[in-house]
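Please treat every number below as a calculation from the coordinates, not as lab data. The shown structure was predicted, so the numbers you read here are calculated from the model rather than taken from an experiment.
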Amino acid sequence: MIKHLAFILLTAGLACAISGPADAQPPKAAPPQPMRVAMLSDGGTFGDNSFNQNCREGIEELLYSGTPIFVQFVETLSPANFERKLAVFAERDYRLILGVGYRMAPAIQVVAAEYPRTLFACVDGDFDEIPHNVWALTFQVDECAFPAGYLAAAWADRQDPRDPAAAWIGGMDVDSVNQFVVGFQNGVLHFNQAKGKAVRITGGHVNSFEDYEAGKALATRYIQEGADVIFGAGSYSGNGAIAAAHEHGKWAIGVDTDQYHTLVDQQGVILTSCLKRMDRAVQKAVTAALDHQFWGGTRYVGNLANHGVGLAPFHDFDNQITAELKMELQNIQREILEGRISTGWPPPAQPPAP
């Protein structure tokens, strides 16, 4: 009897040892490590309500949606530090390093060659030859600036028919800004030609993206000279220009992001904004790196066709902008897409001086 009981207990013990507790679960695999991403500005802050902030918000949207990334944001103010800062993250095995701004391109060219297994992307990056591990993120902003110029001219003519005028405020005198300027100017001229009007256009650069007061002062000067609509194409300096329009009871057109949402104190004067969807472009770079489909050695071009650029909603002015003008703006954008309207960018090459 004792032997029989011992056998039963032994058998039961073996069964428990083999099967384990009834609620036991197999060990879970460790979650994959998030991809490490660094984003470095080439000047200014990520809270500039314009260029840099738009790029940061694109990455933050990915974080909020649960995309498996770990991100470092670095405000790099001096070009002398660009290469060193880029190399720090490459040395730490960051998978993707995003440079925000054209001034970052030369440093990326150097560091990308030193770290060929690291991926880089550069917003507004201009490269003679794009390295195999670099994706240049560029935008045809003239395609949205042209209809913005047309709108500015139409609004100026409506508000000040005796002497209508529009003005632009640029940051640095570089292609990424002048592309906005040329499109805007030619949009004004297109309105004049189409309507038989004579809206004046003027403007200038403050030679900085971070000088709010300089942008404000230059815009104030143009307003005193008769400008009715101000186009602030200079990041934080452009924000100052929009503030001047607000202070003097004029109107403004924003740039890069929908500045109706970022410049809330000036909402009442912002007709629209030229959208440069850098947020979407940096998202494309991150997801491409995650999916092992990174387009290194190539150039992404955001344009009207792929919604990489465009006009923001009219917001507070939606009921004041006529259906006829809205249709004209839609037709202009369609004709740009079809190649029937030239924005004037790039401008024709100038012959060398004798």
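Residues whose amide H comes within less than 5 Å of that of residue 311, counting only those at least five positions distant or on another chain, are 275 (H built at 1.01 Å from N in the peptide plane). Using the Karplus relation 6.51 cos²θ - 1.76 cosθ + 1.60 with θ = phi - 60°, the per-residue 3J(HN,Hα) values for the stretch 80-85 come to 5, 9, 4, 4, 5, 5 Hz, with x marking Gly and Pro.
The relative contact order of the stretch 32-154, computed from alpha carbon pairs under 8 Å that lie at least 6 residues apart in sequence, is 23 percent.
Distances between placed amide hydrogens fall under 5 Å for residue 302 paired with 138, 139, 140, all partners being 5 or more residues away or on another chain. For the residues 32, 106, 161, a GNM of the chain with alpha-carbon springs under 10 Å puts the largest fluctuation on 32. When only Cα pairs below 8 angstrom with a gap of at least 6 residues are kept, the chain shows a relative contact order of 17 percent.
In order along the stretch 37-44, phi translates into HN-Hα couplings of 10, 10, 10, 10, 7, 9, x, x Hz, rounded to whole numbers, per the Karplus curve 6.51 cos²θ - 1.76 cosθ + 1.60 with θ = phi - 60° and x for Gly and Pro.
When Rg and the Kirkwood radius Rh are both evaluated on Cα atoms of the stretch 35-139, their ratio Rg/Rh stands at 0.93.
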